[in-house]
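Have a look at the structure below before the remarks.
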Amino acid sequence: MTLALGCIADDYTGASDLANTLTRAGLRTVQTIGVPTDDLKLPEVDAVVVSLKSRSIEASLAVSRSRAAETWLRGRGASHVLFKICSTFDSTDAGNIGPVMDALRADCGEAVVLVTPAFPETGRTVYQGNLFVGAVPLNESPLKDHPLNPMHDSNLVRVLARQSKTQVGLVDLATLTRGAEAVRSLLAEFSGKGIGAAIIDAVFDRDLETIGLVAAEHRLSVGASGIGLGLARALVSTGKVKSAAAGSGQGAAVGGQVACLAGSCSQATLQQIANAERVMPVLHLDTERILTGANEAQRALDWAGPRLAQGPVLIASSATPADVAALQARHGRDAAGHAIEQTMADIAENLVKSGARRLIVAGGETSGAVVDRLKIPGFLVGAEIAAGVPVLRAVAGEMLLALKSGNFGGPEFFSDAMRLMR
Ligand SMILES: Nc1ncnc2c1ncn2[C@@H]1O[C@H](COP(=O)(O)OP(=O)(O)OP(=O)(O)O)[C@@H](O)[C@H]1O
Ligand SMILES: O=C(O)[C@@H](O)C(=O)CO
C-alpha cells in the first residue's frame, strides 16, 4: 500500500469528519484508531486517517503520539501528512496544535506550514486570520464556554504564536484570490524571514482548492476538513489519485439494538437532545453522583435494559454552560471530564455486551473514551448523515457507529443517524 495522503487527527470525531470528506472527494480512505498494529488487515486505500485522542492531553504526550503516527504514515509512502485539528481551533496556550506542528515540521524539514481550520460547509471561515463560526467571531461563539478549552481569541495568528516556537505569518484572502503562484511567493518570502507557519484565510470551497494545490507541494499541513477537501481535490486533479466511488463502508445491514450517548455540552448537541426527547426515551445522567463515586453507569444500564428491547434510547451527561461550570468548580475540570467520559465508556461497553450493535455518540472526547473501551481498531466510511458525520462500519466485527463532533449535525441529528444506520 502506497498512501497518497497520510492524516493524523487529534480526536476521533474529527478523524471521521476528515475520513468522510476525503471519501466524498474520491479518495479511498480508512480511519484507524491509533497507529495500526501489524496484524490489522487494511483494504487498499489512498488515505489513512490515524485517530488519536491528543487534543486535550499533556503537550509532550500529544507530540510523541503524533510523531509515532507520522512515522507509520511516512513508512507507507505518504509524502504529505495533514495534522487534522478542530475547525474551531480547540486548544489552549499550552497546546496542543503548536507543539505538535513544531515537532512534525522539524521531523520532515518543512520550511513553512500552511494552517487553516476553515470548513465553509459547516460555517467555519477565516478572514484576516480571524476565525468565524457562522456569523460570529470564534470568541463570541458557543466555543467561549467549551468545557475543556474555552476559546477567547478569534485571531489565529496570535493564538498559534502563543503555542508555537516559530513565528506565524498570515496569507490573507487578497493574496489567495490572486492564485496559487501568489501564495507560493508569499510563502517563499516568509521562509526567507524565518517564519515557519502561516495561517491562511479561506471563505469558500474554491479557496480551499487553491490552498490544496499549494499544500500538496509541501510535506506537512495543519487544518480541519476544509484543507482535507482541498488536498483531496488536488490529488485527484493532478492525477496522483484516481477518483473512486464513495464509501467502502456501505455493507450489509447490521441490525441489533440502537443506543445514543451524548457527552458533548455544545449548544447544537443540547438542542439535538431536546428534539430526541420527542422520539425516544432519554436519561439525563446525574453527574454529581458520578463525581462522588455512585454507580451511575449501573443506574443507566438498569434504566436502558427494558427500554432497548422496545427501541432506541439516549443517555446524556450534557448540561448547560452554567451547570458545567458549577460541576467543574466543585470537582475540577479534568476530573469531571474524565469521570464522565469513563462512565460513558462503562455504559457503552455493557450495552454492547447485552446486544447493542448500533451506537451514536456525541462529542469527540466522549467518542474517544467509548471507542477505546470497545477496542475497535478502525472504521470504513459509509453514508453521510450530516456534514462531517458519516456512518462508520467497524473493520472487525459487525457494528455501526456514528461519532458526532459536538457542534455538527442538524436539529434532528439522532433521528437522521438512525435512519441511515440499518
Ligand atoms: N455535565 C457535564 N459537566 C461537566 N463536564 C461534562 C458534562 N458532560 C460532559 N462533560 C465533559 O465535557 C467534555 C465534552 O467534550 P467532548 O469532546 O465529548 O464534546 P465536544 O467538545 O462538544 O465535542 P467535539 O470535541 O467533537 O467538538 C468531556 O470531557 C465530557 O466528559
Ligand atoms: O473539525 C471539526 O470541527 C470536527 O471535525 C472536530 O474535530 C470536532 O471535534
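The values are calculated or read from the model by the stated rules, or taken from the named source; none is laboratory data. Since this is a predicted model, take the numbers as computed values, not measurements. A quick note on method: Cβ atoms are made from the backbone with ideal geometry, for glycine too, and the neighbour counts reach across all protein chains shown. Note: accessible area is taken over every heavy atom of the protein model, side chains too, but ligands, DNA and RNA are not part of it. Shrake-Rupley method; radii C 1.70, N 1.55, O 1.52, S 1.80 Å.
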* Extent of the stretch 171-309 along each principal axis, from alpha carbon coordinates, in Å, largest to smallest? -> 63, 41, 26
* For the stretch 5-237, just run the numbers: alpha carbon Rg, then divide by 2.2 N^0.38 Å, N being how many residues it has. => 0.92
* To do: For Asp334 and Thr37, calculate 0.36 nm times their separation in residues minus their Cα-Cα distance, and state this gained length in nm to one decimal.
  => 103.9 nm
* Structure fact -> Subtracting the Cα-Cα distance of Ala309 and Phe204 from 0.36 nm times their residue separation yields 33.2 nm
* Structure fact -> Bridge orientation stat for the chain from DSSP, antiparallel percent rounded to 5, came to 30
* To do: Between Asp145 and Glu121, take the C-beta separation as r, use R0 = 30 Å, and let me know the FRET efficiency to the nearest 0.05.
  => 0.80
* On a 0 to 90° scale, report how tilted helix 205-215 is relative to the longest principal axis of the chain, with both axes built from alpha carbons and the result rounded to the nearest 10. => 60
* **Å³ per residue enclosed by the Cα convex hull of the chain** => 121
* Asked: So, by mean Cβ neighbours within 10 angstrom, what's the order for 6-18, 58-70 with the highest one leading?
  -> 6-18, 58-70
* **Accessible area expressed per residue, the chain, with surrounding protein chains retained (probe 1.4 Å, Å²)** => 37
* Asked: Taking all protein chains as present, what is the carbon and sulfur share of the accessible area of the stretch 254-338, in % to the nearest whole number, probe 1.4 Å?
  -> 51
* Structure fact -> Among Gly192, Val100, Ala25, the residue whose Cα sits farthest towards the positive end of the charge dipole of the stretch 5-237, when +1 is placed on the Cβ of each Lys and Arg and -1 on the Cβ of each Asp and Glu, is Gly192
* Suppose every K and R has +1 on its Cβ and every D and E has -1 on its Cβ; what is the size of the dipole of the chain about the Cα centre, in Debye to the nearest 20? -> 720
* Whenever you get a sec, compute what percent of the accessible area on the stretch 5-237 sits on carbon and sulfur atoms (1.4 Å probe). => 52
* Structure fact -> Helix 180-192 sits off the longest principal axis of the Cα atoms of the chain, rounded to the nearest 10 on a 0 to 90 degree scale, by 80
* **Expected 222 nm ellipticity per residue - DSSP helices of 4 or more, -39500 (n - 2.57), all of the chain, to 500** => -12500 deg cm²/dmol
* Normalised convex hull volume, the stretch 93-229, alpha-carbon set, Å³ per residue -> 96
* To do: Only Cα pairs under 8 Å and at least 6 apart count here; give the relative contact order of the stretch 299-422 as a rounded whole percent.
  => 20
* Structure fact -> extent check for the stretch 257-420: Cα max minus min per principal axis, descending, whole Å, gives 42, 31, 30
* In the neighborhood of Gly410, defined by Cβ-to-Cβ distances under 14 Å, what is the net charge if each Lys or Arg adds +1 and each Asp or Glu adds -1? -> -2
* Structure fact -> Stretched fully, the stretch from Ala322 through Met1 gains (0.36 nm per residue minus C-alpha distance, one decimal, in nm) 110.6 nm
* To do: Take the alpha carbon atoms of the stretch 196-239, find their center, do the same for the stretch 103-130, and report the distance between the two centers in whole angstrom.
  => 9
